[in-house]
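Asks: Dumping the structure here so I can ask a few things about it.
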Amino acid sequence: MKNKEVEKIVDSILENKPETRANDNLLILEYIKKTEDIEKESFERVMKQTKVSFESITRARRNIQRMKPYLKNSVVSEFRREKEAEYSKYYCS
């Protein structure tokens, strides 16, 4: 599957299911539900035959949230900013 197709699907999920903005596992689950017939197939089969890697899904989320900041989860963003400042202070001093 092409990256633009993955981003289009991820964008739709982020827009319509805000809880996926802060939870990559939930985002991946929603992506699989949207692209695979998971009700009729086993999860194992889906995992073995899925056409996109989970990393592609989370990379698409990061790209979309960079372009559309309103799709970021504010609590997670603030936490990451604080951790980044801690790391910078520790490693740059």
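The values are calculated or read from the model by the stated rules, or taken from the named source; none is laboratory data. This structure is a prediction, so every number in the text was calculated from the model and none was measured. Reconstructed Cβ throughout: ideal geometry from the backbone, glycine too, with neighbour counts over all protein chains shown.
Asks: Does segment 1-42 hold any residues that are loosely packed, with under 13 Cβ neighbours inside 10 Å and of a type in the set (Asp, Glu), and which are they?
Replies: Once the filter is applied, which keeps residues that are loosely packed, with under 13 Cβ neighbours inside 10 Å and of a type in the set (Asp, Glu), segment 1-42 yields Glu19, Asp37, Glu39, Glu41.
Asks: Sort out which residues of segment 43-59 are exposed (fewer than 14 other Cβ atoms within 10 Å of the Cβ) and in a loop (DSSP other than H, G, I, E, B), and write them in order of number.
Replies: The answer is Lys51, Ser53.
Asks: Kindly indicate the residue of segment 60-93 that is of a type in the set (S, T, N, Q) and over 20 Å from the mean Cα position of the chain (by Cα) and also surrounded by the fewest Cβ atoms within 10 Å (Cβ to Cβ) among those meeting that condition.
Replies: Ser93
Asks: Output the residues belonging to segment 62-82 that are charged (D, E, K, R) and over 23 Å from Ser12 (Cβ atoms).
Replies: Glu78, Arg80, Arg81, Glu82
Asks: Checking the conditions here, which among Leu14, Leu26 is modelled with pLDDT under 90 and either part of a helix (DSSP H, G or I) or under 25 Å from Arg80 (Cβ atoms) (or both)?
Replies: Answer to the selection: Leu26.
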